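The values are calculated or read from the model by the stated rules, or taken from the named source; none is laboratory data. Small disclaimer: the values here were computed from a predicted structure and weren't measured. Because the Cβ atoms are built from the backbone with ideal geometry, glycine has one as well, and the counts that use them run over all protein chains shown.
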Amino acid sequence: MAVRVLAISGSARKGSLNQKLLNVAVQGALAAGAEVTVVSLSDYPLPFFDSELEREQGVPAHALDLQKLFSEHDALLVASPDYNGGYTALLKNAIDWMSRPTPEKVSGLALFANKATAVISASPGPMGGIRSMLAMRSVLEKLGALLIPQTFTLGLAHQAFVENDQLGNPQVESEVKAIGAALVRFSGALRAA
Ligand SMILES: Cc1cc2nc3c(=O)[nH]c(=O)nc-3n(C[C@H](O)[C@H](O)[C@H](O)COP(=O)(O)O)c2cc1C
């Protein structure tokens with residue numbers, strides 16, 4: 001059975017550089033034999049996490065939908081935009097809601113535990129969002145995800161994409177695709193172990 005990868009970006013912006021980068025890494029995962037679901041958080045709007053809101057109204061339907069998606073996939077491919085040296089509130093908020101108990105009273109943390117995970121980032125700055133990539137790795141590690149050692153950050157990302165949202169530099173493109181492929185290999189090895 002093919003490895004199932006859930007690909008998610010921390011930006012819901014039209015024309016998002018992180019979504020474009022994610023899509024290239026997805027091509028690498030597909031070429032490595034995975035089935036990939038690309039999720040846009042714009043389709044899952046959520047209120048800011050608030051424990052009173054949770055107590056009064058429960059976990060919102062969109063968070064439950066995301067929990068279900070996470071439970072149905074073996075591996076996680078995340079593109080994490082850099083806002084002021086960290087990840088976006090959009091992505092962290094979705095993770096916080098997902099980490100809450102599921103309707104079956106299973107800890108939401110179980111959705112992340114032992115899941116093969118890769119994090120990449122793109123930014124117009126020269127560092128390519130490296131701080132966000134590292135900070136998001138740290139959050140996901142804390143939740144028990146198994147982070148592959150390979151990482152990629154794309155600096156000057158606003159100049160990097162050409163027609164059809166492909167990367168202009170073939171060397172860079174193959175490095176990004178290699179992240180997707182490495183994630184699939186790692187997830188397959190975890191399953192076999
Ligand atoms: C509030 C805010 C803070 C930002 N801070 C940084 C930063 O610290 N470092 C950086 O490289 N880019 C920073 N940026 C630029 C974003 O990385 C850039 O807008 C990027 O395109 C966002 O990702 P997206 O294209 O996927 O939406 C910031 C943007 C915003 C809106």
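Residues in region 57-84 that are crowded, with 17+ Cβ neighbours inside 10 Å and assigned to a loop (DSSP other than H, G, I, E, B): 59, 60, 73, 74, 80, 81, 82.
With respect to residue 38, determine if the residue is at pLDDT 95 or above, surrounded by 13 or more Cβ atoms within 10 Å (Cβ to Cβ), more than 16 Å from the ligand (Cβ to nearest atom) and outside any helix (DSSP H, G or I).
Values: at pLDDT 95 or above: yes; surrounded by 13 or more Cβ atoms within 10 Å (Cβ to Cβ): yes; more than 16 Å from the ligand (Cβ to nearest atom): no; outside any helix (DSSP H, G or I): yes.
Answer is no for this residue.
How many of the residues in region 1-19 are basic (Lys, Arg) and within 8 Å of the ligand (Cβ to nearest atom)? Count: 1. Among the residues of region 51-73, none qualifies, meaning not one is within 16 Å of the chain's Cα centre (by Cα), within 16 Å of the ligand (Cβ to nearest atom), modelled with pLDDT of 95 or more and of a type in the set (A, V, I, L, M).
Only a single item in (1) touching a residue at least 24 places away in the same chain (Cβ under 8 Å); (2) in contact with a strand residue (DSSP E or B) (Cβ under 9 Å, 6 or more places away or on another chain) is not met by residue 126, and it is number (2). The residue pairs whose first member lies in region 5-29 and is farther than 20 Å from residue 65 by Cβ, whose second member is more than 6 Å from the ligand (Cβ to nearest atom) and of a type in the set (Phe, Trp, Tyr), and whose beta carbons are closer than 7 Å, counting only pairs six or more residues apart or on different chains, are 20/161.
Could you look through region 116-164, keep only residues that are of a type in the set (Gly, Ala, Ser) and in a strand (DSSP E or B), and pick out the one that is nearest to the ligand (Cβ to nearest atom)? I'd like the intermediate steps shown before the answer.
Step one: filter region 116-164 for residues of a type in the set (Gly, Ala, Ser), giving 116, 118, 121-123, 125, 128-129, 132, 135, 138, 144-145, 155, 157, 160.
In the following step, the residues that additionally are in a strand (DSSP E or B) were identified as 116, 118, 121-122.
Values: 116: 23, 118: 17, 121: 8, 122: 6 Å.
The qualifying residue nearest to the ligand (Cβ to nearest atom) is 122.
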